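The values are calculated or read from the model by the stated rules, or taken from the named source; none is laboratory data. Note that the structure is predicted; figures quoted are calculated from it, not measured. For neighbour counting, all protein chains shown are included, and Cβ atoms are generated from backbone atoms with ideal geometry for every residue, glycine included. Surface areas here come from the heavy atoms of the whole protein model, side chains and all, with no ligands, DNA or RNA. Shrake-Rupley method; radii C 1.70, N 1.55, O 1.52, S 1.80 Å.
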Amino acid sequence: MKKEFVVIGLGRFGGSIVRELIEQGADVMAIDKDHERVDEFASIATQAVVADTTDESVLKSLGVRNFEQVIVAIGENIQASILTTLMLKEIGVKKITVKAQNDYHAKVLHKIGADKVVHPERDMGIRIAHNILSNNVLDYLELSDEHSIMEIKANEKLAGYTLIELDIRAKYGINIVAIKRGDDIIVSPQADMEIERDDILIIIGSDADINRFEKKVMN
């Protein structure tokens, strides 16, 4: 069976989610108050609807609670985002993911029952900052408020040493969970594995430990 999603808000963020979900073979109901935006997605989404999602009766009439997950991607209108999330909880939607504009908005969303709150602009800013600060940092993903996962390219301070010789876990409190080498991915690499120049190390740990490792080893 195809997975079924609702995306509310068809701006840049919501629109990109709709396109990717459709690309991955999911069914998507795309909703926005703006007729032009809905028209843009009429030929892309499984169903595109002009609707006010702060109205509980509208959400019920669209059968939104029957979908697997609802993504609230409403842009600048924080009040509409909060009210929509509240209405979705009221009608019994199983899983709700909401885009937050700021930390205050996120706190309110968590309190009213959002299952997942995302900060796309903030997270992208963090990723870009890490990439700018170190040429060896390829990607960065926040897992929680205090933990992240990062892809780094092995430099001369790491190449030629085995994992046991580097002892990164003991020194920095972070774990190398996988190594990309060319087209190969080595998951849970052995302690005697020697790191080669330009290996891509996938590390996980607390933000404080990762920052310490970056400053000491990657710069």
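With a requirement of 2 or more residues that are closer than 28 Å to Glu121 by Cβ and either basic (Lys, Arg) or open to solvent by less than 40 Å² (accessible area, probe 1.4 Å) (or both), the strands (runs of 3 or more DSSP E) lying completely within the range 136-219 that satisfy it span 137-142, 147-153, 200-206. Taking first residues from the range 142-162 that are not assigned by the TED database to the domain that holds Ile179 and partners that are open to solvent by less than 10 Å² (accessible area, probe 1.4 Å) and of a type in the set (Gly, Ala, Ser), no Cβ contact under 7 Å between residues at least 6 apart in sequence or on separate chains turns up. Arg37 passes every criterion in (1) in a helix (DSSP H, G or I); (2) more than 14 Å from Val7 (Cα to Cα); (3) of a type in the set (D, E, K, R) apart from (2). For the range 72-92, the set of residues classified as without any contact (Cβ under 8 Å) to a residue 40 or more places away in the chain and either in a loop (DSSP other than H, G, I, E, B) or not assigned by the TED database to the domain that holds Ser16 (or both) consists of Glu76, Asn77, Ile91, Gly92, listed by residue number.
Taking the range 53-71, which residues are in contact with a strand residue (DSSP E or B) (Cβ under 9 Å, 6 or more places away or on another chain) and part of a loop (DSSP other than H, G, I, E, B)? Residues satisfying the conditions are Thr53, Leu62, Gly63, Phe67, Glu68.
Does Phe13 satisfy the criteria of being touching a residue at least 12 places away in the same chain (Cβ under 8 Å), under 22 Å from Val58 (Cα atoms) and in the same structural domain as Gly75 (by the TED database)? Considered against the rule, which asks whether it is touching a residue at least 12 places away in the same chain (Cβ under 8 Å), under 22 Å from Val58 (Cα atoms) and in the same structural domain as Gly75 (by the TED database), Phe13 comes out as no.
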